[in-house]
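The values are calculated or read from the model by the stated rules, or taken from the named source; none is laboratory data. This structure is a prediction, so every number in the text was calculated from the model and none was measured. Note: ideal-geometry Cβ built from the backbone for every residue, glycine included; neighbour counts use all protein chains shown. Keep in mind that these areas ignore ligands, DNA and RNA; they rest on the heavy atoms of the full protein, side chains included. Shrake-Rupley method; radii C 1.70, N 1.55, O 1.52, S 1.80 Å.
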Amino acid sequence: MAVLPIVTLGNPVLRERSREVTREELLSPPMQAFIDDLVETMVHANGAGLAAPQVANPVRICAIWVKDNPRYPYKPNWPLTILVNPVLTPLSAEEFVNYEGCLSVPNLRGEVKRFAELRVEAWDRQGNALSYEVRGLTAGTFQHECDHLDGKVFLDRVFDTTSLATWAEFEKHKLEGFAARARSIVQRWGS
Ligand code: NI
């Protein structure tokens, strides 16, 4: 296993639509090794998620894992999840305002609107079809990672640029307010 370099804003691979993976390709040893590396890279960088294009591989695969994350202390834990060829469908028009950051957009956070409840359809890393619902902050994480597969970053969804903050200023000026909002999101949606 290996920690891969994470590419940052300006690298064209972050702006491509990543391609679907076939089941045969997914099950191949190189792709399975790549998924191990994607997870190791995410853990190494303290990410709550990481999408394949962020390590310069434009395939529709992303990893999500929230376990007492120091970058996002208010995020509920979520078990390690690999999504292959994911499709997200909002279950209602309801949205909430999330404060997001991204390993490919170093030292910047900003407010984006995310759907509050989604159906997730994807394969797991063995190619088994999964279908389940996610809500609240977890739904925000899923939308953030799946956006990467379509060449989007959270900055594209920032609706008020005065919300942009470096990480140090976020902690000084925004964390307390957002953590309170995050608690009410978790209370409302259960995650
Ligand atoms: Ni990101």
What list of whole percents do you get for P(r) of the range 12-189, with Cα-Cα distances grouped in 5 Å bins up to the one holding the largest distance? 1, 8, 17, 22, 22, 16, 8, 4, 1, 0
Would you work out which of Pro90, Asn107, Asn77 lies farthest towards the positive end of the dipole of the range 77-117? Charges go on Cβ: Lys and Arg +1, Asp and Glu -1. Asn107
Is the range 1-45 rounded, prolate or oblate when judged by the Cα gyration tensor, a ≥ b ≥ c being the square roots of its eigenvalues, rounded requiring a/c under 1.5 and prolate requiring a/b larger than b/c? oblate
Proximal lysines to Lys113, defined as alpha-carbon separation beneath 23 angstrom and excluding residues fewer than eight positions away on the same chain: Lys75, Lys152, Lys172, Lys174
Tell me, what is the FRET efficiency for Asn107 and Gln187 to the nearest 0.05, using R0 = 45 angstrom and their Cβ-Cβ distance as r? 0.90
Protein accessible area in the chain, 1.4 Å probe - carbon and sulfur %: 53 percent
For the chain, what is the percent of antiparallel DSSP beta bridges, rounded to the nearest 5? 95 percent
Could you tell me which trypsin sites (Lys or Arg not before Pro) in the range 30-93 are loop residues by DSSP with no more than 12 other beta carbons within 10 angstrom of their beta carbon? Lys67
Low-density loop chymotrypsin sites (Phe, Trp or Tyr not before Pro), the range 123-174, at most 16 other Cβ within 10 Å, DSSP non-H/G/I/E/B, are Phe159
For the range 1-97, which GluC sites (Glu not before Pro) are both in a DSSP coil and crowded by at most 16 other Cβ atoms within 10 Å? Glu16, Glu20, Glu94
